[in-house]
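Q: Below: one structure in C-alpha cells.
The values are calculated or read from the model by the stated rules, or taken from the named source; none is laboratory data. Because the structure is predicted, anything quoted here is derived from the model rather than measured. Neighbour counts are summed over all protein chains in view; Cβ atoms, including those assigned to glycine, are modelled from backbone coordinates with ideal geometry.
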Amino acid sequence: MKTLVAGATATAALVVSPLAAFAEDPVSESGGGAEGDVVTMNLFNMTDIHGHIEKSEYKGKVTEAGLASTACYVKNALEANDNSVFTLLGDNIGASPFTSGSQDDNPTIEALNHMGVFASAIGNHEFDKGLDVLMKRVEGKDGYTQIGFPYLAANIVSKSTGKTLFDPFKIWESPSGVRVGFVAAIEEDAPTKVAPGTFDEVNFLPAAETVNKYAAILKDGQEGNGEADIVVALYDNDVLISAPRLSSDVDILMGGDTHKPYYFSGDNALTNKDGKPIVATTASGSFTDNLANVELKYNKVEKKIVEAKAVQIPASDLVACGEDADVKGVVDEAVTKAKEAKEKVVLETNSAFYRGKQASGENRGTESTLGSLVADAMKSSFTKLDGKPIDIGIVNAGGLRADLVPKEGKLTVGDVFAVAPFSNEVGYVEMTGAQFKTLLEQQWKEIGENSTRPMLKLGLSENVKYTYDPARPMGDRITSILLDGQPIDPQATYSVGSVTFLLAGGDSFDVLKEDSIKATLTTIPDGLDREWIQKYLEDNPKVAPRAAVSSVGATLTQSEESVDGKPVVSGTLALRGLSFSGPGEAAPKNVTLYVDGKNVATGAVNNTLEDANAANANAIVTADGVGYTDAPIEFSVTGVCEDRSGTVNLPLTVKAGTADEQSADTPELISEASGLTLTVDCGPAAEEPGEGMVVTPAAPEFINPSASDPASCTVKPYATVKDMEGVKYTVTVDGKELKANAEGKFVYPYGKTIIVKAEPVDGFTFAPNAKTEWSWTAMMNDKCNTGVSKPLAKTGVSVLGTAAGALALLFAGGTMLALRRKQA
C-alpha cells in the first residue's frame, strides 16, 4: 500500500468528490474504492506547474489554484478513496514566477514533497539549470531542496554506459491489489528546448518506441521483470502527437508540454497506432489551472478496465477545498522572502505588453507586442564589445513566460522576472542577409522529433519587417525582408542580438548552428536577459505597444484580359497575420489595398483567436498569425497602360482601416519597399528619338529541380536567360562570372546566390521602369537525402514560374521582390 503524507488541514470540506461520476455504485463505508470484484480508482495528474505555487485570479475569477489548495484537494481525494494515486507529468519547475524562481525553485520542490506525489515524469524545464543541477536536486546538495519523489525517464540514457539515468517505470499497487505501472518518457525534441551542451553526455531514445517497449515488458506475464494490470504512459508531449504512436499495451496516456488541456475518453477517445481506442487520455493544462483525473473501474476477476472517464477538475474546484496547512506554510514563507525585491518599481506606465494568444491560452505562432518589446531590448540595451550597435534584435516566443501588465500603473522587478525567468545570458552573432532569411523560414516547423509546435514566431526589433506567402512550400515562404526600410542585402553581414539559448540554435533554428555563425557567437559579460529588459524599460519610460505588426502573410493571384484592346488586370490578395492578439492591441477590422497608389479594394479582417481546427480532436494548432481575411480581397485595375509600354510593374500596398478612417499616421502593413507588384504587359516598348530602340529586359528563369521533386535532388539548380536583341546579361556567383553550358543553363550549387544583371547594348536603351538585376538563392528541399551538402540547413526550395498563370512572390536577392506569373 502506498504511504501518503498525512494530516491535511483544510478550511473547507472537499466540495467536488472525485467519485461523483460513479455515484450509482457506492463505495464501502470505510471510504475505499473496492466493491466486490470491481475496484473504483482515481489516477490524478498535474502537468507543467512551472513553479506557480501561488493562487492567481483575473477579474475575480480563479485562474490558478496554487499548490496549497491543490494539496488540499488531492489529500482529501486520496483519503476518500485509498485506491487513488497522484503523479506529475514534468516541468514542475523552471520558467517559474519570481516567488519560486528567485529562490532556485526550492519552494516548489518543498511544497510538492508535502503532497504525496508517487512519481513524476521529467520535462525539459527540469534541465533549465543543467543536468548537474537536477542531480543536485535529486540528492539535496549545494543548497537545493532534495526532491522527495522519484523522477522517471525511460528514454534518457548515458552515452558512455547506455543505461537509463532515471528509472524507466514505477509500479504502484493499490490497497485492493491492482497494479498500475507508470512508464515515463520525454519527447526527443527536448535538446532543442534547453541550452546547447546540456545533454552532451546523454542520448534520447525514440520516446514512443521506448514507452511501448516497457509497456510490453509490464504485460508479458513475467513477474521477474515487473508486471502491471494497468499501464499508464507519462509522456511529456502533446497527446495528439503521442497517441497515434503508442501500442495497445498502453491503457492510459497522460501528456503535457504544450500547456493545452486535453481530456479524451469514451466516444471521443483517441486511437493508438493499432487503430484501437486509448481508454483515457489527459493533459491537465498548466500552472495549476486544472487537475486531471482518470476515474476508472477495474474488474479484478476479468482483469480489465470496465469503465473509464477523463475528468477535468478546474482551479475553482481546487480552491473551494481550502488550503493544506503544510503547503500553505511553505508558500507563505516563500512569498515573504521574495516580497521586498519583487515589488521594486521598474517603470510607471499604463502600457501592457502581451504574448501571443489563442482562445485556450498562449500562441507561440503569432506576433506579439511582448516579443517585439523584448526584441527591441535585445537590439538597443547593449552593444557589441567594440561599442558598435547591434543591427537586429530577436527573441524566441518560448522564452517569454508571462504577459507584462502593470498593476496600478506600475511594472515591477517581479513582473519582468515573470517574463524572463530562465536566467539566460545575452549576446550576438554575425550572419548574412541570406542566412537571416533562412532563420525566418525556420519559424515554420515540421511536427516530429525536433518540434511539437508547427510555428515558433520570432519577436523582431522594430527596424525589421517582412512578408511571407503561407501558400508556398515550407522553406520558401519569406517573400521580402526590409531592414530600416530598405531590402536586406543577402550577401551583407549583420549583427543579431538575443539570448544565447536562441543564438546557439535553440528551438530548432538550425541555421544558427552553421559553423560560420557559431564562430561569431559572443556573450555579453554583464547581466542576464531580464536585467537588460529592465534596463530597456528604465531607459525608455514612454515605451508603448507597437501600432502595427511587422510581418504579414500575403498570397497574390493575377489574371489579365483585353477590353477594347486595353489590358484589364484582375486578381485576389489573401492576407493573414494582420493583428496582435492581446486585449486592446492593434487589430484592424478592415484593410485597404492600393495598386500604384490608387485605392482598389477593401477587405474585412477576422480577428478571432479560435483556431480553425479547434473542433477536431486530432488536429494541431496551425495558425501562423492572428487576423486574416476570410476570403481573398478581389480587385480589378484598368488604365494601366496609359502612357506606358513594355513590361510594367505596379506596386501593391496595404494599410490598416478603410480609406475614410486613414490618416497620415495610419501604419502601412505592406509598404511599396516590400516589392509586392502586379506585372502587366503593355505591348512593345516605344522607340524614343535620339536614344535608340527602347527595350525591357526579360526576367531570367531560376529553376530548382528539388523544389517539387525530391528525386531530382542530385540535379543542381540553374538559371536561363532569354536571347533578346539589345540586351546583354551577365551572370555571377560569389563575384565570379558564370558561363552557360551547352544547353544554355547557368548551373550553380545549392546554397549559393546567383545574380543576373542586364545591360543595354549600343543603340538600345531600357525603359525607365525596367528591372535590370535579379538574384536568387536556391535551397535544397528538406526531404532530400542524397548526401549532397546543404549549406543552409532546414530550408526549402522554389521554382520561379514563367509568365503564364497566377503570381508567385520571390525573394530577389535583397533588391526587391518581383511577381511573376506561375504556370496555370
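Q: Go through (1) within 19 Å of GLY675 (Cα to Cα); (2) more than 18 Å from the chain's Cα centre (by Cα) and name the single condition TYR468 misses.
A: (2)
Q: Hey, another quick one. Would you point out which residue out of ASP489, ASP507, ASP476 is within 25 Å of VAL626 (Cα to Cα) and assigned to a loop (DSSP other than H, G, I, E, B)?
A: Details: ASP489 fails: within 25 Å of VAL626 (Cα to Cα); ASP507 fails: assigned to a loop (DSSP other than H, G, I, E, B).
When all the criteria are applied, what remains is ASP476.
Q: Across segment 555-580, what is the total count of residues that are modelled with pLDDT of 90 or more and outside any strand (DSSP E or B)?
A: So the count comes out to 4.
Q: Another question, if that's okay. Any idea how many residues of segment 247-299 are acidic (Asp, Glu) and within 22 Å of GLU209 (Cβ to Cβ)? Explain how you work it out, then say what you get.
A: Within segment 247-299, the subset acidic (Asp, Glu) is 249, 251, 257, 267, 274, 289, 295.
Pick out the ones that are also within 22 Å of GLU209 (Cβ to Cβ) and you get 249, 251, 257, 274.
Adding up the residues that qualify gives 4.
Q: Which residues, counting only those in segment 63-86, are modelled with pLDDT of 95 or more and among the β-branched types (Val, Ile, Thr)?
A: Step one: list which residues in segment 63-86 are modelled with pLDDT of 95 or more, which gives 64-86.
THR70, VAL74, VAL85, listed by residue number.
Q: Can I ask one more? With the checklist (1) more than 30 Å from GLU333 (Cβ to Cβ); (2) modelled with pLDDT of 95 or more; (3) surrounded by 19 or more Cβ atoms within 10 Å (Cβ to Cβ) in hand, flag the one item PRO191 doesn't pass.
A: Exception for PRO191: condition (2).
Q: Which residue, of SER551, SER581, is surrounded by 15 or more Cβ atoms within 10 Å (Cβ to Cβ), in contact with an Asp or Glu (Cβ under 7 Å, 6 or more places away or on another chain) and under 22 Å from ASP665 (Cα atoms)? Break it down stepwise before answering.
A: Details: SER581 fails: in contact with an Asp or Glu (Cβ under 7 Å, 6 or more places away or on another chain).
On inspection, the qualifying residue turns out to be SER551.
Q: Something else about it: Scan segment 111-140 for residues that are under 22 Å from VAL85 (Cα atoms) and acidic (Asp, Glu) and report the count. Reasoning before the result, please.
A: From segment 111-140, those under 22 Å from VAL85 (Cα atoms) are 111-123, 138; that's our starting set.
Narrowing further to those that are acidic (Asp, Glu): none.
The number of residues fulfilling the criteria is 0.
Q: Right, next: Suppose we keep only residues that are among the polar types (S, T, N, Q) and at pLDDT below 95 within segment 411-425. Which one would you say is surrounded by the most Cβ atoms within 10 Å (Cβ to Cβ)? Walk me through it before giving the result.
A: Start the filter on segment 411-425 by keeping residues that are among the polar types (S, T, N, Q), which leaves 412, 423-424.
Retained after the next criterion (residues that are at pLDDT below 95): 423-424.
Numbers: SER423: 14, ASN424: 23.
It comes out as ASN424.
Q: If you go through segment 485-503, how many residues are of a type outside the set (Ser, Thr, Tyr) and within 18 Å of VAL374 (Cα to Cα)?
A: Filtering segment 485-503 down to residues of a type outside the set (Ser, Thr, Tyr) leaves 485-492, 496-497, 499, 501-503.
Of the ones still in play, those that are also within 18 Å of VAL374 (Cα to Cα) are 496-497, 499, 501-503.
Residues that pass the stated criteria total 6.
Q: A further question follows. Quick check on ARG546: is it touching a Phe, Trp or Tyr at 6+ places or on another chain (Cβ under 6 Å) and not β-branched (Val, Ile, Thr)? Explain how you work it out, then say what you get.
A: Details: touching a Phe, Trp or Tyr at 6+ places or on another chain (Cβ under 6 Å): no; not β-branched (Val, Ile, Thr): yes.
Taking the combined requirement at face value, the residue does not satisfy it.
Q: Filter segment 274-289 for residues that are farther than 12 Å from ILE252 by Cα and in contact (Cβ under 8 Å) with a residue 60 or more places away in the chain and give the result.
A: Matches in segment 274-289: SER284, GLY285, SER286, PHE287, THR288, ASP289.
Every residue, every condition in (1) part of a strand (DSSP E or B); (2) touching a residue at least 24 places away in the same chain (Cβ under 8 Å); (3) acidic (Asp, Glu); (4) closer than 29 Å to THR63 by Cβ, yes or no:
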| position | (1), (2), (3), (4) |
| --- | --- |
| LYS388 | no, yes, no, no |
| VAL395 | yes, yes, no, yes |
| PHE417 | no, yes, no, yes |
| GLU462 | no, yes, yes, no |
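Q: Which members of segment 702-724 meet the condition of being surrounded by fewer than 20 Cβ atoms within 10 Å (Cβ to Cβ) and not β-branched (Val, Ile, Thr)?
A: SER708, ASP709, PRO710, ALA711, SER712, LYS716, LYS722, ASP723, MET724
Q: Give the residue, chosen from ILE147, ILE109, that is part of a loop (DSSP other than H, G, I, E, B), aliphatic (A, V, I, L, M) and closer than 20 Å to VAL327 by Cα.
A: Details: ILE109 fails: part of a loop (DSSP other than H, G, I, E, B).
Exactly one of ILE147, ILE109 is part of a loop (DSSP other than H, G, I, E, B), aliphatic (A, V, I, L, M) and closer than 20 Å to VAL327 by Cα, namely ILE147.
Q: Residues in segment 84-106 that are of a type in the set (A, V, I, L, M), part of a loop (DSSP other than H, G, I, E, B) and farther than 14 Å from GLU54 by Cα: how many? Walk me through it before giving the result.
A: So the first thing to find is which residues in segment 84-106 are of a type in the set (A, V, I, L, M), and the list is 85, 88-89, 93, 95.
Now drop any that are not part of a loop (DSSP other than H, G, I, E, B), which leaves 89, 93, 95.
Then drop every residue that is not farther than 14 Å from GLU54 by Cα, which leaves 89, 95.
Count: 2.
Q: Can you pull out the residues in segment 713-749 that are outside any strand (DSSP E or B), in contact (Cβ under 8 Å) with a residue 12 or more places away in the chain and under 39 Å from the mean Cα position of the chain (by Cα)?
A: The answer is CYS713, THR714, LYS716, PRO717, ASP734, TYR748, PRO749.
Q: Moving on. In the set VAL727, VAL695, VAL747, VAL733, which member is farther than 30 Å from LEU573 by Cβ, among the β-branched types (Val, Ile, Thr), buried (at least 19 other Cβ atoms within 10 Å of the Cβ) and at pLDDT 85 or above?
A: On the way: VAL695 fails: at pLDDT 85 or above; VAL747 fails: buried (at least 19 other Cβ atoms within 10 Å of the Cβ); VAL733 fails: buried (at least 19 other Cβ atoms within 10 Å of the Cβ).
Being farther than 30 Å from LEU573 by Cβ, among the β-branched types (Val, Ile, Thr), buried (at least 19 other Cβ atoms within 10 Å of the Cβ) and at pLDDT 85 or above holds for just one of VAL727, VAL695, VAL747, VAL733, which is VAL727.
Q: Considering LEU503, LEU512, which residue is surrounded by 15 or more Cβ atoms within 10 Å (Cβ to Cβ), aliphatic (A, V, I, L, M) and out of contact with any Phe, Trp or Tyr (no Cβ under 8 Å at 6 or more places or on another chain)?
A: On the way: LEU503 fails: out of contact with any Phe, Trp or Tyr (no Cβ under 8 Å at 6 or more places or on another chain).
Checking each option against the conditions leaves just LEU512.
Q: Give me the pairs, please: first residue somewhere in segment 77-97 and at positive phi, second residue anywhere and polar (S, T, N, Q) and in a helix (DSSP H, G or I), beta-carbon distance under 9 Å, and either six or more positions apart or on two chains.
A: Pairs found: GLY90/ASN124; ASP91/ASN124; GLY94/ASN124.
Q: So, in segment 50-105, how many residues would count as being of a type in the set (Gly, Ala, Ser) and closer than 22 Å to SER316 by Cβ?
A: Step one: of segment 50-105, the residues of a type in the set (Gly, Ala, Ser) are 51, 56, 60, 65-66, 68-69, 71, 77, 80, 84, 90, 94-96, 100-102.
Then keep just the ones that are closer than 22 Å to SER316 by Cβ; that gives 51, 56, 60, 65-66, 68-69, 71, 77, 80, 84.
Here the count works out to 11.
Q: Any residue at all in segment 481-502 that is among the aromatic types (Phe, Trp, Tyr) and farther than 29 Å from VAL733 by Cα? So that I can check it myself, show each step before the final result.
A: Within segment 481-502, the first condition is being among the aromatic types (Phe, Trp, Tyr), and the residues that meet it are 494, 501.
When the remaining residues are screened for being farther than 29 Å from VAL733 by Cα, the result is 501.
Yes, segment 481-502 contains at least one residue that is among the aromatic types (Phe, Trp, Tyr) and farther than 29 Å from VAL733 by Cα.
Q: Okay, moving on. Could you pull out the residue among ALA492, ALA504 that is touching a residue at least 60 places away in the same chain (Cβ under 8 Å) and more than 21 Å from ALA397 (Cα to Cα)? Talk me through it step by step, then tell me what you get.
A: On the way: ALA504 fails: more than 21 Å from ALA397 (Cα to Cα).
Residue meeting the stated conditions: ALA492.
Q: Can you find even one residue in segment 36-56 that is in the same structural domain as VAL306 (by TED's automatic domain parsing), at pLDDT below 95, surrounded by fewer than 22 Cβ atoms within 10 Å (Cβ to Cβ) and not in a loop (DSSP other than H, G, I, E, B)?
A: Yes, some residue in segment 36-56 is in the same structural domain as VAL306 (by TED's automatic domain parsing), at pLDDT below 95, surrounded by fewer than 22 Cβ atoms within 10 Å (Cβ to Cβ) and not in a loop (DSSP other than H, G, I, E, B).
Q: Please determine whether any residue of segment 398-410 is surrounded by fewer than 24 Cβ atoms within 10 Å (Cβ to Cβ), hydrophobic (A, V, I, L, M, F, W, C), under 17 Å from SER351 (Cα atoms) and assigned by TED's automatic domain parsing to the domain that holds GLY371.
A: If we filter segment 398-410 for residues that are surrounded by fewer than 24 Cβ atoms within 10 Å (Cβ to Cβ), which is where we start, we get 398-399, 401-403, 405-410.
Subset that is hydrophobic (A, V, I, L, M, F, W, C): 402, 405.
With under 17 Å from SER351 (Cα atoms) added as a condition, the list becomes 402, 405.
Adding the requirement that they be assigned by TED's automatic domain parsing to the domain that holds GLY371 leaves 402, 405.
Within segment 398-410, one or more residues are surrounded by fewer than 24 Cβ atoms within 10 Å (Cβ to Cβ), hydrophobic (A, V, I, L, M, F, W, C), under 17 Å from SER351 (Cα atoms) and assigned by TED's automatic domain parsing to the domain that holds GLY371.
Q: Can you tell me which residues in segment 347-363 are modelled with pLDDT of 85 or more and buried (at least 19 other Cβ atoms within 10 Å of the Cβ)? Talk me through it step by step, then tell me what you get.
A: So in segment 347-363, the residues modelled with pLDDT of 85 or more come out as 347-356.
Hits for segment 347-363 are LEU347, PHE353, TYR354, ARG355, GLY356.
Q: Then there's this: If we only count strands (runs of 3 or more DSSP E) wholly inside segment 196-285, which ones have 2 or more residues that are farther than 16 Å from LEU43 by Cα? Quick ask: steps written out before the conclusion?
A: On the way: elements: 202-204, 230-236, 252-255, 262-265, 280-283.
Where strands (runs of 3 or more DSSP E) fall fully within segment 196-285 and carry at least 2 residues being farther than 16 Å from LEU43 by Cα, they are 202-204.
Q: Kindly establish whether ASN424 is within 22 Å of TYR466 (Cα to Cα) and polar (S, T, N, Q).
A: Working: within 22 Å of TYR466 (Cα to Cα): no; polar (S, T, N, Q): yes.
No: the conditions fail for ASN424.
Q: Surrounded by 17 or more Cβ atoms within 10 Å (Cβ to Cβ), assigned by TED's automatic domain parsing to the domain that holds LEU112 and in a strand (DSSP E or B), is that true of LEU296?
A: Details: surrounded by 17 or more Cβ atoms within 10 Å (Cβ to Cβ): yes; assigned by TED's automatic domain parsing to the domain that holds LEU112: yes; in a strand (DSSP E or B): yes.
It is true that LEU296 is surrounded by 17 or more Cβ atoms within 10 Å (Cβ to Cβ), assigned by TED's automatic domain parsing to the domain that holds LEU112 and in a strand (DSSP E or B).
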